[in-house]
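Engineer: Please see the structure below; I have some questions.
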């Protein structure tokens, strides 16, 4: 089973693909981030996000997709724009015919680190450890996306998969 995890954003989208190597054990296949051009109008940025996710889906051929939910933001405009970005990401995944799961940031952190208020650095370290990546320093967006994929993989292995 291959799982694509996505950390949505309006400037940078993290993605990570893992595959199951044994019961509850996973290894990374590919990970990185996509930068969205700052000099574009917002509708064109959404189109870039949609096209980038489609390209990633075609390239990586996952079996399932897991997307991080919107974090609570003090800035309503920021949260709204992030919601738009998540919408086009979800649309691309659904149109590909894949099962899609959504996870709250606290749920991802709790499943990876053990508590919902984990720091970015703690997520990076635990993701590398859980995926057997040694001392690799992961970029935040890539680590977050791999964490989402791992959260989904662990939930799926435990038989409590959530389908969107």
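Engineer: Would you mind telling me which numbered condition in (1) within 16 Å of residue 29 (Cβ to Cβ); (2) buried (at least 18 other Cβ atoms within 10 Å of the Cβ); (3) at pLDDT 95 or above residue 63 fails?
Structural biologist: (2)
Engineer: Only one residue in 35, 73 is over 16 Å from residue 16 (Cα atoms) and either surrounded by fewer than 19 Cβ atoms within 10 Å (Cβ to Cβ) or modelled with pLDDT of 95 or more (or both), so which one is that? Lay out the reasoning, then the answer.
Structural biologist: Working: 35 fails: over 16 Å from residue 16 (Cα atoms).
None of the other options fit; the residue is 73.
Engineer: Quick one: in segment 134-155, of everything that is surrounded by fewer than 18 Cβ atoms within 10 Å (Cβ to Cβ) and not in a helix (DSSP H, G or I), which residue is nearest to the chain's Cα centre (by Cα)? Before the answer, list the steps.
Structural biologist: Going through segment 134-155, the residues surrounded by fewer than 18 Cβ atoms within 10 Å (Cβ to Cβ) turn out to be 134-137, 139-140, 154-155.
Among the residues that remain, those that are also not in a helix (DSSP H, G or I) are: 134-137, 139.
Numbers: 134: 21, 135: 21, 136: 19, 137: 17, 139: 13 Å.
It comes out as 139.
Engineer: Residues in segment 80-103 that are surrounded by fewer than 16 Cβ atoms within 10 Å (Cβ to Cβ) and modelled with pLDDT under 95: how many?
Structural biologist: Number of matching residues: 2.
The values are calculated or read from the model by the stated rules, or taken from the named source; none is laboratory data. Worth saying up front: this structure is predicted, and the values here are computed from it rather than measured. In this analysis, Cβ positions are derived from the backbone assuming ideal geometry, glycine residues included, and neighbour counts consider all displayed protein chains.
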